[in-house]
Amino acid sequence: MALFQVDYYSRSLEKSTCFHMVLPNDVHPMMKEGNENYNRKMKTLFLLHGYSGSSKDWLLGSPIQELALKYNMAVIMPSGDNSFYLDAKGTGRAYCKFVGQELVDYIRNTFNIAMDKEDTFIGGLSMGGFGAIHTGLFYPETFGKIVALSSALIIRKIMNITEDFTDAIADYDYYTSVFGNLDELENSVNNPEYLVKKLKEENKKIPDIYMACGTEDFLIEDNREFYKFLKDEEVDVKYIESPGAHTWDFWSSNLEPSIQWLLS
């Protein structure tokens, strides 16, 4: 298993940024015996961290290296800061473009993988789950499937907050700087629900979505609401609820089933 840390200059972010990558391109022949995943082309998963996290989170908190080896899957883990992986206003804040276009092109040109939509997936947890859904919907010709664990689907909660608003995570100024005008979120490209409706109006294929959330997670109701929205819009979605909170125990235990779903 090859493990990379890559620091390079991003034009979308106008700064040097870092991503980590696991690449099962050095696997001993004995380890491939009887593993049907090595009878096909390598798949690629762009895996996004949560709020206040970093590109190392999945490496430190989950068995992603072992799973990448088992399933012949390259995994790209970028740094998204606290951006919700959205294109905010102002120079150097285009995180959706960074993940969904620039980084994909960089990986293709440098490593010659993720060349086709069918071989390219996106996933994440919490803020990264939101980012995976949003980026996958914003670039539906790039990503074949989406995995979203304990997603921070908070759009409806912040639509009409006032300037004195604050919660355990952030305040009004933060949400405005990331999501834009909160009074216009319902019909904003930063709203995954708006993107779903837009893709349907344009008769474009919506990537299949896998959602999982713990029943003790503080985001469970938000995930239930978005799942209901997807079902009402007749989007192909697999939804899993199981005991668990907003913890690495839940995300790690749901990582392998989600990868199996990606490959099914």
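The values are calculated or read from the model by the stated rules, or taken from the named source; none is laboratory data. It should be emphasised that the depicted structure is a prediction, and the values quoted were computed from it without experimental measurement. FYI the Cβ positions are ideal-geometry reconstructions off the backbone, even for glycines, and counts take in every protein chain you see. These area figures cover heavy atoms from the full protein model, side chains too; ligands, DNA and RNA do not enter into them. Shrake-Rupley method; radii C 1.70, N 1.55, O 1.52, S 1.80 Å.
Only one residue in Ser151, Ser252 is within 19 Å of Gly131 (Cα to Cα) and assigned to a loop (DSSP other than H, G, I, E, B). Which one? It would help to see each step written out before you state the result.
On the way: Ser252 fails: assigned to a loop (DSSP other than H, G, I, E, B).
It is Ser151.
Within the bounds of region 57-64, is there any residue that is in a helix (DSSP H, G or I) and among the polar types (S, T, N, Q)?
Among the residues of region 57-64, not one is in a helix (DSSP H, G or I) and among the polar types (S, T, N, Q), which makes the answer no.
Hey, among the residues in region 224-264 that are of a type in the set (Ser, Thr, Tyr) and in contact with a strand residue (DSSP E or B) (Cβ under 6 Å, 6 or more places away or on another chain), which one's surrounded by the fewest Cβ atoms within 10 Å (Cβ to Cβ)? So that I can check it myself, show each step before the final result.
Restricting attention to region 224-264, the residues satisfying the condition of being of a type in the set (Ser, Thr, Tyr) are 227, 239, 242, 247, 252-253, 258, 264.
This time we only want the ones that are in contact with a strand residue (DSSP E or B) (Cβ under 6 Å, 6 or more places away or on another chain), so: 227, 239, 258.
On the way: Tyr227: 20, Tyr239: 17, Ser258: 24.
In this case the residue turns out to be Tyr239.
Identify, please: which residue in region 175-202 is in contact (Cβ under 8 Å) with a residue 40 or more places away in the chain and assigned to a helix (DSSP H, G or I) and is, among those, surrounded by the fewest Cβ atoms within 10 Å (Cβ to Cβ)?
Checked region 175-202; the qualifying residue surrounded by the fewest Cβ atoms within 10 Å (Cβ to Cβ) is Ser177.
Is there any pair with a first residue in region 103-115 that is on the phi > 0 side of the Ramachandran plot and a second that is buried (at least 18 other Cβ atoms within 10 Å of the Cβ) and not in a helix (DSSP H, G or I) whose Cβ atoms are under 7 Å apart and which are 6 or more apart or on different chains, and what are they?
Ala114/Thr44; Ala114/Thr120
Out of (1) farther than 20 Å from Leu263 by Cα; (2) surrounded by 20 or more Cβ atoms within 10 Å (Cβ to Cβ); (3) of a type in the set (S, T, N, Q), what's the single condition that is false for Thr44?
Result: Thr44 passes all but (1).
Give the residues of region 68-86 that are within 17 Å of the chain's Cα centre (by Cα), on the phi < 0 side of the Ramachandran plot and either buried (at least 20 other Cβ atoms within 10 Å of the Cβ) or free of Cβ contacts under 8 Å to residues at least 40 places away in the same chain (or both), sorted by residue number.
Ala68, Met73, Ala74, Val75, Ile76, Met77, Pro78, Ser79, Gly80, Ser83, Leu86
Counting only residues that are in contact (Cβ under 8 Å) with a residue 12 or more places away in the chain, part of a loop (DSSP other than H, G, I, E, B) and either within 23 Å of the chain's Cα centre (by Cα) or within 18 Å of Cys96 (Cβ to Cβ) (or both), how many does region 154-169 have?
Count: 3.
Please go through (1) surrounded by 15 or more Cβ atoms within 10 Å (Cβ to Cβ); (2) in contact (Cβ under 8 Å) with a residue 24 or more places away in the chain; (3) closer than 30 Å to Lys70 by Cβ for Lys205 and return the number of the only condition it doesn't satisfy.
Every condition holds for Lys205 apart from (1).
Among the residues of region 8-30, which ones are open to solvent by 90 Å² or more (accessible area, probe 1.4 Å) and part of a strand (DSSP E or B)?
Passing the criteria: only Tyr9.
So which residues in region 61-78 are closer than 26 Å to Lys97 by Cα and among the aliphatic types (A, V, I, L, M)?
Answer for region 61-78, where residues must be closer than 26 Å to Lys97 by Cα and among the aliphatic types (A, V, I, L, M): Ile64, Ala68, Met73, Ala74, Val75, Ile76, Met77.
Given the conditions (1) closer than 22 Å to Trp58 by Cα; (2) surrounded by fewer than 21 Cβ atoms within 10 Å (Cβ to Cβ), which single one is not true for Asn109?
Result: Asn109 passes all but (1).
What is the residue count in region 18-37 for residues that are within 11 Å of Tyr71 (Cα to Cα) and over 25 Å from the mean Cα position of the chain (by Cα)?
Here the count works out to 3.
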